[in-house]
């Protein structure tokens, strides 16, 4: 991996974001620091790489254009994750409307073409897991992805999703049970 | 509240199926995607105007407290002024009450006042008589 030309100190970066002359360079640091974690979070939601790329761009553009509203009360990462999740949900809903799919929790259409995806090299079991995850309700899907793939702390998830830690733990537990039953039903 | 069995189950978060699958979802990205993404994005960002937060001076920060203190001081002063005035009045009344017995002139005035008050209790004929006679009406 190429060595970053930036040193990242969140407190400094947030301070620099509030000054006209330093905001742009500070935002470049933010983009470099958060591109990968946000991309993977979005990618697991929208599945397709090109769609994830669009949503990631929209996320950063939205963050940049509303940077004046970010006063540092919450963590920068929390704020960015919130924008990314909202953008992902908006994108999925738009896609559902385009494909005449009801705005329910059924996201199976997202994984229909997974096998043909140029940027997916998973085997049968991984495709099956993605299909199982796609059957989960929106919030459970997010909780599962954040916890299982990103190993995010429940406390951080709680701040991002605005749900109590207890509810998130229960949600993750239910998600695992549903995935297990999906596997046992399709075996 | 969740049942204990469910909490115990949540403690053993990992499922055997998930353990077997591992954490690689199988997703890939084009080569140099992340490096190119950052560069392309920064080039395409629009200009924004940042409203810089102006740090308030010490006077601006303490001003509300100073105003409040001044207001309380004002109220206290007003109370002091009014209480002082009331005290003088009471003292004056007490002084009057402690004065010697009324003079003969004062007595005449007091008698006249009593007569006027008594006239209000007379009937029509009595009031005519009272007006024409110089006799004592307090029969």
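Quick note: the coordinates plus some simple rules give every number you see, no bench work behind them. Bear in mind that the values here come from a model prediction, so they are computed numbers and not experimental data. When we count neighbours, we look across all protein chains shown, and the Cβ atoms used for this are built from the backbone with ideal geometry, even at glycine.
Ordering of A:93-102, A:168-177 by packing is A:168-177, A:93-102, highest average first (other Cβ atoms within 10 Å, averaged per residue). Helix A:49-65 sits at what angle to the longest principal axis of chain A, using alpha carbons and giving 0 to 90 degrees rounded to 10? Helix A:49-65 and the main axis of chain A meet at about 30 degrees.
Quick one: angle between helix A:165-186 and the longest Cα principal axis of chain A, in degrees between 0 and 90, rounded to 10, please. Approximately 40 degrees, to the nearest 10.
If you plug the beta carbon distance of residue B:108 and residue B:83 into 1/(1 + (r/R0)^6) with R0 = 51 Å, you get a FRET efficiency near 0.85.
Sorting B:82, A:183 by the number of Cβ atoms found within 10 Å of their own Cβ, with the fewest placed first, yields B:82, A:183. When only Cα pairs below 8 angstrom with a gap of at least 6 residues are kept, chain A shows a relative contact order of 17 percent.
Of the peptides A:121-127, A:83-89, A:68-74, the order by per-residue mean of other Cβ atoms within 10 Å, starting with the highest, comes out as A:83-89, A:121-127, A:68-74. Exposure proxy ranking for B:59, A:79, based on other Cβ atoms within 10 angstrom of each Cβ and starting from the fewest, stands as B:59, A:79.
Between the range B:59-76 and the range A:142-187, what is the separation of their alpha carbon centroids in Å? When both Cα centres are located, 54 Å separates them.
Once the Cα atoms are used to define both axes, helix A:20-46 deviates from the longest principal axis of chain A by about 10 degrees.
Under the definition of partner shielding as Cβ atoms of other protein chains within 10 Å of a residue Cβ, what is the mean value for peptide B:34-45?
Numbers: counts 7, 4, 0, 9, 10, 3, 1, 10, 8, 0, 3, 8.
Mean number of neighbouring Cβ atoms from other chains: 5.
Exposure proxy for A:141, B:58: other Cβ atoms within 10 Å of each Cβ, ordered fewest to most, give B:58, A:141.
Take every residue in peptide A:28-35, count the Cβ atoms of other chains within 10 Å of its Cβ, and give the average of those counts. The partial results should precede the final answer.
Details: counts 5, 1, 1, 7, 7, 1, 1, 6.
That works out to 4 on average.
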